[in-house]
Structures are given as structure tokens and as C-alpha cells.
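Here's the structure we're looking at; comments come further down.
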Amino acid sequence: MEGQASRVFLATPSRVKEGLSGMSLEVERKFICDADTLKTLEELGAVCVGQQQFLDQYFDNPQFDLTLRDMWLRKRKGCWELKCPAEETSGEQSRAAALCTRYKEIITLHEIQLRVAEVIPDVCEDRDAETASSHQDESWLSRRNLACFAEFTTVRQSFNLEEGGVQIDLDQADFGYHVGELEVVVPEGGDVQAALEKIERTAQKLGLTGDQRVEGKMTIFLKRYHPEHYAKLLSAHIL
Ligand code: V4E
């Protein structure tokens, strides 16, 4: 299986973690999944730990002020999430690390609004209104001219191998794109290098030998359906 990409995300991907004040680090590597992937997982003794379906809706303003800063605001399962680039940490010079990108994932609505406000000014004078908003109240979007630019549904199957800590997700997007992800969540200040090594070992077990970056669902979606937006992100070296 040629062609894969790794990413590091500062993240709290599970809703269960929403109450925690600390931020965790999510290390992620995409890979091409084909008809043999499930067979390989089976042969390796991988355990299916769940299947889910979710709708992702991504938001930006007409100038693409968020995505041109590599900030990805989305609504998934009724909850807001913001991914933004994280600073590089030391000791990540390996080949696996060279394939990584780093993002913080913020899931607290107020924190998301503060981050968005740093980039897009509020057209409304009443700034207090924002502090009162909820996941249901979407007036903060219009105050910043934010609208949905991409929407797709994913069916995700998740697997674990015996060596703990690496989640393997096989995603099938409703616009006909399949992609796999190897993911390790590291607590804030945790050992990123160890996570990268775990992912590398899992990648080797799966036979992922290539070192080409594999495109994510959004990249393919924009390329197909919003080529102008895609071209801007490409020339800004975001994608
Ligand atoms: C960060 C990002 C985007 C937002 C979507 O991120 P992604 O991890 O692809 O979402 P998903 O649903 O597959 O995973 P989950 O969040 O459920 O773990 S869209 C583009 N980016 C940037 C980006 C990049 N520059 N390079 C690679 C390989 N991936 C993403």
C-alpha cells in the first residue's frame, strides 16, 4: 500500500474529554485503504471497536479567512470543533515526523469563538451576545459571516491492534472517497516520539511503505466541488 501521510494534532477527539481542562495531542497518519485493507486487519487480529456515521459541516467566511490560516471549523454530531495548527515540538526529526502536520483541536464553544474572533472581526457591536451563545444558537456564525462551504457524511469503522494505543479508522465518505487513518492520542506534554513510533510500527504491519502524503476527505472534496477554494489553499501551501 503506497502513499501515506502522518499528522500530529493537539486534540481532544472524544466528547468524553470535553470536561477536561488539559489538551491532548493527537498523532494521525492517513493511508490509502483498498479492498485488501480489511483482510490485512483481520490477518493481524485487529478488533473492530465500532462503526459510526457522522455528518461534517465545515464553515468559513467568503474570503476564506479561516481555512487560509489552516483553521478548520466544523460541526460534527451537533458539536463544534476547531482544528488549528500547533507549534512544532522538539525531537520530531524522524521520517515519520516529517510526514506529520500539527493541529490543535478545540471543542469548547467559547474557546472556539475566541479563536475565530482573533481572525474574523464581529460585525455586531454587542460582544456580550457571544458569551451567551450555545451549540444550538448559531447567531455567532452570521455575526462573523461564516457559512457552510462543505458538507459530507462519513461511515467510519474503527479497529484496534493488540499493541495498544493506535486506533485504525477506515473512512468512507459519501462522495466516493475512502481513506484510512492511524491515530494515537497523547496527553498534553506526553511522548509524541513514542506515538510516532507506535504509528510507524502499525504502518509497517499494515504494509504501508510509501512516504507520499495521502489526501484527506476535505482535500478531495474541495478539489472536486470547490476548485477555486482548493486552488487558493494550494497556492497558500495549506493543502
Ligand atoms: C486539518 C485539516 C482539515 C480538517 C479535517 O481534518 P481531518 O483530520 O482530515 O478530518 P477527519 O474527519 O478525517 O479526522 P478526525 O478529525 O475525525 O480524526 S481539512 C485539511 N486539513 C489539513 C490537513 C493537511 N494539511 N494534511 C493532511 C494529510 N490532512 C489534513
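The values are calculated or read from the model by the stated rules, or taken from the named source; none is laboratory data. Small disclaimer: the values here were computed from a predicted structure and weren't measured. Backbone-built Cβ (ideal geometry, glycine too); neighbour counts: all protein chains shown. In case anyone asks, the SASA skips ligands and DNA or RNA and just uses the protein heavy atoms, side chains included. Shrake-Rupley method; radii C 1.70, N 1.55, O 1.52, S 1.80 Å.
Might you let me know whether segment 208-220 holds any residue that is more than 14 Å from the ligand (Cβ to nearest atom) and in contact (Cβ under 8 Å) with a residue 12 or more places away in the chain? Scanning segment 208-220, I find at least one residue that is more than 14 Å from the ligand (Cβ to nearest atom) and in contact (Cβ under 8 Å) with a residue 12 or more places away in the chain, so the answer is yes. Quick check: anything in segment 31-40 farther than 17 Å from residue 167 by Cβ, under 15 Å from the mean Cα position of the chain (by Cα), surrounded by fewer than 15 Cβ atoms within 10 Å (Cβ to Cβ) and not aromatic (Phe, Trp, Tyr)? No: zero hits. In the condition set (1) touching a Ser or Thr at 6+ places or on another chain (Cβ under 9 Å); (2) within 11 Å of the ligand (Cβ to nearest atom); (3) hydrophobic (A, V, I, L, M, F, W, C), residue 150 is compliant with all but (1).
Of all the numbered requirements in (1) open to solvent by less than 80 Å² (accessible area, probe 1.4 Å); (2) under 19 Å from residue 81 (Cβ atoms), residue 151 misses one, and that requirement is (1).
Yes or no, residue by residue, for (1) under 19 Å from the mean Cα position of the chain (by Cα); (2) more than 15 Å from the ligand (Cβ to nearest atom); (3) at pLDDT 90 or above:
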residue	(1), (2), (3)
168	yes, no, yes
172	yes, no, yes
183	yes, no, no
187	yes, yes, no
194	no, yes, no
199	yes, no, no
224	no, no, yes
232	no, no, yes
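Taking segment 35-145 and the strands (runs of 3 or more DSSP E) fully enclosed by it, the elements with 3 or more residues that are at pLDDT below 90 and within 12 Å of the ligand (Cβ to nearest atom) are at 79-85, 102-106.
Test residue 172 against the criterion of being within 21 Å of residue 34 (Cα to Cα) and either free of Cβ contacts under 8 Å to residues at least 40 places away in the same chain or surrounded by 20 or more Cβ atoms within 10 Å (Cβ to Cβ) (or both), and give yes or no. For residue 172, the condition - within 21 Å of residue 34 (Cα to Cα) and either free of Cβ contacts under 8 Å to residues at least 40 places away in the same chain or surrounded by 20 or more Cβ atoms within 10 Å (Cβ to Cβ) (or both) - is met.
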